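For reference, the structure discussed in these notes is given below.
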Amino acid sequence: MRVAFLACGVLQLELEQVLQQIRTEGLFDCEITATYLQAGLHIDLSGGRSIESKHGNYFCPLKKKQLHEPLSLCQYCVSRESGAIGNE
């Protein structure tokens with residue numbers, strides 16, 4: 001079996017650490033690969049704003065607005081809407 005992840009480049013370091021642990025411990029008997037969207041896709045999203053990291057969480061200024069667009073990848077992104085920053 002082969003398992004493939006499509007992930008945000010912002011999370012590449014964290015996901016690679018988890019995948020390495022899975023491979024090292026032999027938790028699954030399958031080939032695991034990951035493809036990362038370029039982090040540059042998240043730069044200057046809205047008037048100079050970009051994805052922010054606070055307390056181990058990611059926040060996006062356009063998440064709420066773009067989430068329900070038919071071609072948007074936002075539904076797969078782990079970021080939260082920027083308005084949630086004050087709640088962390």
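The values are calculated or read from the model by the stated rules, or taken from the named source; none is laboratory data. Please read these numbers as outputs of a predicted model, since none were measured by experiment. So basically every Cβ, Gly included, is an ideal-geometry build from the backbone, and we count neighbours across all protein chains shown.
Applying the condition of being under 12 Å from the mean Cα position of the chain (by Cα) and surrounded by fewer than 13 Cβ atoms within 10 Å (Cβ to Cβ) to region 6-19 and asking which residue is nearest to residue 34 (Cα to Cα) yields 6. The criterion of being at pLDDT 80 or above and more than 13 Å from residue 8 (Cβ to Cβ) holds for residue 55.
The set of residues in region 20-32 being closer than 11 Å to residue 4 by Cα and surrounded by 11 or more Cβ atoms within 10 Å (Cβ to Cβ) consists of 32 alone. Restrict the check to region 24-46 and report whether at least one residue is modelled with pLDDT of 85 or more, under 20 Å from residue 77 (Cβ atoms), outside any strand (DSSP E or B) and not assigned by TED's automatic domain parsing to the domain that holds residue 78. No: zero hits.
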